[in-house]
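The values are calculated or read from the model by the stated rules, or taken from the named source; none is laboratory data. Since this is a predicted model, take the numbers as computed values, not measurements. Because the Cβ atoms are built from the backbone with ideal geometry, glycine has one as well, and the counts that use them run over all protein chains shown.
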Amino acid sequence: MATQSAAKVAPLADRVVVKPSEEAEQMRGGLYIPDTAKEKPQQGSVVAVGPGRFEKETRVPMDVKVGDKILYGKYSGTEVTIDGEQLLILRESDVLAVIS
Amino acid sequence: MATQSAAKVAPLADRVVVKPSEEAEQMRGGLYIPDTAKEKPQQGSVVAVGPGRFEKETRVPMDVKVGDKILYGKYSGTEVTIDGEQLLILRESDVLAVIS
Amino acid sequence: MATQSAAKVAPLADRVVVKPSEEAEQMRGGLYIPDTAKEKPQQGSVVAVGPGRFEKETRVPMDVKVGDKILYGKYSGTEVTIDGEQLLILRESDVLAVIS
Amino acid sequence: MATQSAAKVAPLADRVVVKPSEEAEQMRGGLYIPDTAKEKPQQGSVVAVGPGRFEKETRVPMDVKVGDKILYGKYSGTEVTIDGEQLLILRESDVLAVIS
Amino acid sequence: MATQSAAKVAPLADRVVVKPSEEAEQMRGGLYIPDTAKEKPQQGSVVAVGPGRFEKETRVPMDVKVGDKILYGKYSGTEVTIDGEQLLILRESDVLAVIS
Amino acid sequence: MATQSAAKVAPLADRVVVKPSEEAEQMRGGLYIPDTAKEKPQQGSVVAVGPGRFEKETRVPMDVKVGDKILYGKYSGTEVTIDGEQLLILRESDVLAVIS
Amino acid sequence: MATQSAAKVAPLADRVVVKPSEEAEQMRGGLYIPDTAKEKPQQGSVVAVGPGRFEKETRVPMDVKVGDKILYGKYSGTEVTIDGEQLLILRESDVLAVIS
């Protein structure tokens, strides 16, 4: 279902559209001891990727691709609701790591 | 009617003129569970596009074109009223994604 | 009368000298529903244009020319009074759009 | 008298030394309706000009020359007193326009 | 065990994944006289390294490699929990030094 | 005596070491009408000059040389005491002008 | 003893590891009249130097070398304790001058 609405959203520049993963929330609920001095990361899967930002007449290639499971900071990005589905639009620089 | 007044506004540099879409407001009213920690995005259709910003003697091409439906952050841009019609002038960097 | 005192002011770099248009104020008074979360734009006509800012040994050409009707943010620029006439000096980057 | 002490001050980089004009103060006293939301500009004549700031191994040429009457923002620059004469040292980027 | 979960995390750009070293905490507990005016550094070992950030069409090579023991500031980075193991994702610019 | 201890201090990059001039303090005491809205400038003589800051593989040449009398803002730089002599270390960009 | 633990710390990029000099503290205790409006500088000797920061595919050479006695601002850098020895890790840009 993520793919259905994601197909409709083409992020600009170096942005990625992410479907937050609910399992992550649960896994972390079990294992994570919160540390108030640090921002809490979250997981999701990438459903759409922008063409990269323009720098000196060329585009900087994106390191993230559709299907990647990624880690990102809790307060990163902007939530959007497309066809009733909650997605998150991040800049690639807000993506911390790809998980395999 | 958007096209009528938009034809009169030529945005400078990397700015776009957007007609906020009222359906979006309603759709979101139904589906969106507000999250106060995140800024609420909005939809609209692009009615005019600037020539791109000048960088090192060339213009950076615009990724957005007239007619595109776009997502943007709630507090982005400046509202203008042309011939009684409310429009919004954004920088392209404030446009999150194009919706199809 | 704008041209008379404007002829005396040569703005530097990428600045423009603007004669705020009083009709705009009235038109907006009638149609504009103020939204306190957004800055209110204003209209004026350009009476003098700088040579452009210097970047890497050349000047960036100006997109705005004398006679253009422009939109700008309410708190942009610096007011100056030349021969009793109130003008506004803006950077071109504060000009949102040209109206025709 | 301005020239006498100005000859002693060689501003660095893109700075200019300005002798604030007292007539301007009086002219403005008569005509200017203060607007607290905007910074009040002032006039003066340029008594010394720096060689321009260094950018990529060349100097950016100065647009302002000795003798120019200029407009600048009220809180720009640093006041200096040379031989009992009050002068102001500004960066050229704080000069709004040249008046003729 | 660090390697097990670290193998699953591929940091982006100039980020490194660090396993905080518990001995360091103890060693410091014994020797370190806290100075509230300075941020407390920490030690850890690098378990994964990003490909380097993209600058002008090439990647800036990373100075840190997997296995390095590093010093970093206490409030640097973002904590992540992968398979119950607490790791830290830092930018290389937050790494102060490599210890041998 | 300034030269004695200054010979011992080699400033880095675009820094200069300045011996604040006490006469200046007295001259200003007599002539200067303080204006609380502006920072008070000070005079001194340059006793050591750095090699210039590094920019794109070359050094930007310094405009200030040993022996110059300079004007600088009151809160610029860092005071140092070498062999009981109070000196000030400034960046060249904090030097307003050379006085002759 | 400084060299012993310093040999174990390899600072990254343009960082230097400094052994704060205790004599300096005493000398300053005797001679320095504190001025609360200025930050108090400190002395130390350089025990390790990074390879320089990476700029446009080359490294910017370091001006500071092991053994140099340097001046730095009081709140610069991060304190680290290696084998019970207190050291300070600074960026070279926080080094004010070399003393001879």
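Of the residues contained in region E:77-99, none is found to be hydrophobic (A, V, I, L, M, F, W, C), within 13 Å of chain G (Cβ to nearest Cβ) and in a loop (DSSP other than H, G, I, E, B). Can you find even one residue in region G:72-88 that is at positive phi and modelled with pLDDT of 90 or more? Yes: region G:72-88 contains one or more residues that are at positive phi and modelled with pLDDT of 90 or more. The single condition among (1) modelled with pLDDT of 95 or more; (2) over 30 Å from C:G52 (Cβ atoms); (3) more than 9 Å from every other protein chain (Cβ to nearest Cβ) that B:Q4 does not meet is (1). For the condition basic (K, R), at pLDDT below 80 and within 28 Å of E:K56 (Cα to Cα), A:K69 does not qualify.
Looking at region G:18-38, can you tell me whether even one residue there is in a strand (DSSP E or B), modelled with pLDDT of 75 or more and closer than 19 Å to F:A13 by Cα? Checking region G:18-38: at least one residue is in a strand (DSSP E or B), modelled with pLDDT of 75 or more and closer than 19 Å to F:A13 by Cα. Residue under question is A:V47, and the condition is that it be modelled with pLDDT under 90, in a strand (DSSP E or B) and under 14 Å from the mean Cα position of the chain (by Cα); does it hold? No, not satisfied. Inside region G:58-76, can you point out the residues that are out of contact with any helix residue (DSSP H, G or I) (no Cβ under 7 Å at 6 or more places or on another chain) and either of a type in the set (S, T, Y) or in a strand (DSSP E or B) (or both)? G:T58, G:R59, G:K69, G:I70, G:L71, G:Y75 - these are the residues of region G:58-76 that are out of contact with any helix residue (DSSP H, G or I) (no Cβ under 7 Å at 6 or more places or on another chain) and either of a type in the set (S, T, Y) or in a strand (DSSP E or B) (or both).
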